[in-house]
Amino acid sequence: MKTFNKGGVHPQENKLSNDSAIEVFPLPKQAVVFVSQHLGAPSTMVVQKGDKVKAGQLIAKAEQFICANTHSPYSGTITKIDLATDFTGYKKPAVYIDVEGDEWMEDIDTSNDIVRDIKLDSAQIIDKIKEMGIVGLGGAAFPTHIKYMLPQGKKADYLIINAVECEPYLTSDYRLMKEKAEECLIGIEILKKALNVDKALVGIEANKPDAIEGFTQLSKNYKEIEIVPLKTKYPQGAEKQLIYALTKRQVPSGKLPIEVGCVVNNIGTAQAVYSAVQKNMPLVQNILTLTGKNVKQRKNLLVRVGTPLQSVIDYCGGLPEDTGKIISGGPMMGKAISDLSAPTVKTTSALLLMSKKESSRKEETNCLRCGKCVKVCPMGLEPIKIAQLAENRLWKDAEKAYAMDCIECGSCHFTCPAGRPLLDLMRVSKNHIGDLRRQKAQR
Amino acid sequence: MALLTVSGSPHVQSNQTTKKIMWTVIIALLPALLVSIYYFGLDALMVTLTSVVFCVGFEWLIQKFILKTKTTIGDGSAIITGILLAFNLPANIPLWIVGIGALVAIGVAKMSYGGLGKNPFNPALVGRVFLFISFPSKVAMSEWPLPKPLFSSSVSDALTGPTPLLAMKNGQAVDLWNMFIGATGGSLGEVSAIALIIGGLIMLFRKVITWHIPVSFLTTAGVFGLILWLINPNEFIHPAYQLLAGGMMLGAIFMATDMVTSPVTYKGQLLFGFGCGVLTIIFRSFGPMPEGVSFAILIMNAVTPLIDKAFKPKPFGY
């Protein structure tokens, strides 16, 4: 079975919410929608306090290159435009909406009918993706249309679809593949057309055999969409590792996938593109897994963007007594949440509730030089060495030890028997090296 | 509202810990200890206990009164050093010498570098080599206690005799099966190949060691020994004896695999084992002494940083 070439770990899969079908989450009474929910330049607000909006109406516009539109997920009245705290504690401009009914813009098709015929051409598709505010739903929230505007002289050979879902606990992509397989495949066809490539490769981890089988059956109706089962190993879904597993091509250090003729998008993004292009539906909702060992009602929910996190937890039976940590995303790369009053964003794919016991790190001892961190690093780095250099504040040496190539997958930190905070030290190194590079550039 | 923990990812960790690794090694050492008690009597146990108590005691004292840091004796690493040091000594050694060995192993070879994980040389081996060159009459390699059934008086008045390696050097016949099970003269923990191999398999199964160092060490020694034997069977001993005699198994399975003092990459570990194997056979075949495992491993410990530098993994995308 295909897989990546270096390192990797196998954390407990804990896909506890596999069997919960997607439920539509009820509309909140009040919602907070961040103006910018993507990686890149901020979007420009186009609504004012007191405005009545409909669901799907544009509220912030992309006026710069790497930027994305934001739409209102609700019909209602804008009561306030102010800073709001996101789940990591940062204050960001947001629109507060009092939700009234559920009235959508007239040109949006909210039915469940599947539209198979792709009418738009490549350029129109890319424009539509941009207009509908589609961002990468794998977690990075990079504006999707940018990936399809290839730099001069570059040509893509493959569209790669990341349906790996290698993070433990997460099941939103799995449920999407089970329940909306055809929409996903039409989305892949659209992306192929946008990119002007003949072939799409869909990587799915082997721990989802029914998704692989269902997709393989359905994909026979399409030309050149190949479903590739991949070994269950973390981080199979990391972009560079996935490209290698599927094509044996290595993205050079510091370069983008297009350098080796690939464009990668998440399966969730493909489905969002289907909705955007075929149904005129902007990205205003996504599937969220609420899970954790102590959670009584584990669910996969279709949640509108801007729903307060607390209300999602309340819907699933409230916060378990001994919750110690809540993570947005999976346990390997997700971020710890500091404020439950924060709303969901376009890329909130999971809320993972961990008990107090699970929340603390294991006791730290001296490094044993066991070398496990070196063996599990999917980028072929030496975390043991970079960590030592970071502790001695030798940033330039850390740079020479390829610290900037770290993809922050956390395999080293996960595996370290001495409980050393290897990824923390990697991040510190990367920040300092980044600073040094910027200072150099200014001089 | 309950307070939430906020920390960087990853939010899960493997269940392997330093303590678990160390205790697995201790458990893996037990079969050899039991065999040694069986053959050398309670003296073997006394030497081992003395060594462990002194090693742990010195680590605690040094941390408490000299370094003034939190004690780490709970991690079990000093216990391992204690057992391994004892395993490298004859069962009839005076206990005060064991104490001196423990002081050198823990005080000089481990704590002076900063404790667990910081020492360049295997502490037990440093202790053993120190005793070997300081008290050759007590820790020499000529006369060792010969095995005796368990619970017969004390081993000190048992017959002493040459180790198989020395016997062979003198042209005497040695029984291979006895060497495999441990019914032979030697340091108290090194005699039984089978018990040491069982310990090695325990560590392998629990992923505390990988096969690379032991296999490369033993294969190299076997092949190199075979070549010498084929060239001149009268002068050089049979490779089977090379592998079963002396500290070869103990060294290859428990000493060379010490993760602190061996390379971190598989390729580096293969080279490390190769170096240990070659040096051991050279020392044994051409040196003045019948045994050379300790020195071979210590020399390879010294080149470990160089090996690590030479066998860096190749980063992805370069």
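The values are calculated or read from the model by the stated rules, or taken from the named source; none is laboratory data. Given the structure is predicted, the values throughout are model-derived calculations rather than measurements. Every residue, glycine as well, gets a Cβ built from its backbone with ideal geometry; the counts of neighbours run over all protein chains shown.
Filtering region A:216-256 to residues that are part of a loop (DSSP other than H, G, I, E, B), under 26 Å from A:Lys180 (Cβ atoms), in contact (Cβ under 8 Å) with a residue 60 or more places away in the chain and not hydroxyl-bearing (Ser, Thr, Tyr) leaves A:Lys231, A:Pro235, A:Gln236, A:Gly237, A:Ala238.
The residues of region A:1-41 that are free of Cβ contacts under 8 Å to residues at least 40 places away in the same chain and not assigned by TED's automatic domain parsing to the domain that holds A:Gly292 amount to a single one, A:Ala41. Only one of the numbered conditions (1) within 14 Å of chain B (Cβ to nearest Cβ); (2) of a type in the set (Lys, Arg); (3) closer than 29 Å to A:Met354 by Cα is violated by A:Lys296, and that is (1). Restricting B:Trp60, B:Trp23 to those that are in contact (Cβ under 8 Å) with a residue 12 or more places away in the chain, outside any loop (DSSP other than H, G, I, E, B) and within 14 Å of another protein chain (Cβ to nearest Cβ) reduces the list to B:Trp23.
Yes/no per residue for (1) assigned by TED's automatic domain parsing to the domain that holds A:Gly268; (2) assigned to a helix (DSSP H, G or I); (3) buried (at least 23 other Cβ atoms within 10 Å of the Cβ); (4) modelled with pLDDT of 95 or more:
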position: A:Pro378; (1), (2), (3), (4): no, no, yes, yes
position: A:Leu389; (1), (2), (3), (4): no, yes, no, yes
position: A:Asp397; (1), (2), (3), (4): no, yes, no, yes
position: A:Cys412; (1), (2), (3), (4): no, yes, yes, yes
position: A:Leu423; (1), (2), (3), (4): no, yes, yes, yes
position: A:Met426; (1), (2), (3), (4): no, yes, yes, yes
position: A:His432; (1), (2), (3), (4): no, yes, no, yes
position: A:Arg438; (1), (2), (3), (4): no, yes, no, no
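Taken together, the criteria place A:Lys147 among residues that are under 17 Å from A:Gly187 (Cβ atoms) and part of a helix (DSSP H, G or I). The set of residues in region A:400-410 being crowded, with 24+ Cβ neighbours inside 10 Å and assigned to a helix (DSSP H, G or I) consists of A:Ala403 alone. When B:His11 is tested against the conditions (1) of a type outside the set (A, V, I, L, M, F, W, C); (2) surrounded by 21 or more Cβ atoms within 10 Å (Cβ to Cβ); (3) more than 30 Å from A:Leu353 (Cβ to Cβ), the lone failure is (3). Taken over region B:273-318, residues that are within 14 Å of another protein chain (Cβ to nearest Cβ) and under 15 Å from the mean Cα position of the chain (by Cα) amount to 1. Within the bounds of region A:211-232, is there any residue that is within 30 Å of A:Ala403 (Cα to Cα), surrounded by fewer than 20 Cβ atoms within 10 Å (Cβ to Cβ) and among the charged types (D, E, K, R)? Yes, that holds for at least one residue. Against the test of being under 30 Å from B:Val303 (Cα atoms) and either modelled with pLDDT of 65 or more or not in a loop (DSSP other than H, G, I, E, B) (or both), the options B:Val174, B:Val126 yield a single qualifying residue, B:Val126.
Taking (1) modelled with pLDDT of 95 or more; (2) within 14 Å of chain A (Cβ to nearest Cβ) in turn, B:Lys267 satisfies each apart from (1). Inside region B:201-221, can you point out the residues that are in contact (Cβ under 8 Å) with a residue 24 or more places away in the chain and either surrounded by fewer than 20 Cβ atoms within 10 Å (Cβ to Cβ) or among the charged types (D, E, K, R) (or both)? Of everything in region B:201-221, those that are in contact (Cβ under 8 Å) with a residue 24 or more places away in the chain and either surrounded by fewer than 20 Cβ atoms within 10 Å (Cβ to Cβ) or among the charged types (D, E, K, R) (or both) turn out to be B:Ile202, B:Arg206, B:Lys207, B:Thr210, B:Val215, B:Thr219.
Scanning region B:63-119 for residues being assigned to a loop (DSSP other than H, G, I, E, B) and either within 14 Å of chain A (Cβ to nearest Cβ) or surrounded by fewer than 16 Cβ atoms within 10 Å (Cβ to Cβ) (or both) gives a total of 13. For region A:335-362, filtered to residues that are touching a helix residue (DSSP H, G or I) at 6+ places or on another chain (Cβ under 8 Å) and facing another protein chain (nearest Cβ under 8 Å), the residue that is nearest to A:Tyr74 (Cα to Cα) is A:Leu340.
The rows are residues; the columns are (1) assigned to a helix (DSSP H, G or I); (2) of a type in the set (A, V, I, L, M); (3) away from chain B (no Cβ under 14 Å).
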position: A:Gly268; (1), (2), (3): yes, no, yes
position: A:Ser275; (1), (2), (3): yes, no, yes
position: A:Pro282; (1), (2), (3): no, no, yes
position: A:Asn300; (1), (2), (3): no, no, yes
position: A:Met333; (1), (2), (3): no, yes, no
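So which of B:Ile281, B:Ile307, B:Ile297 ends up being of a type in the set (Val, Ile, Thr) and touching an Asp or Glu at 6+ places or on another chain (Cβ under 9 Å)?
Of the residues listed, the single one that is of a type in the set (Val, Ile, Thr) and touching an Asp or Glu at 6+ places or on another chain (Cβ under 9 Å) is B:Ile297.
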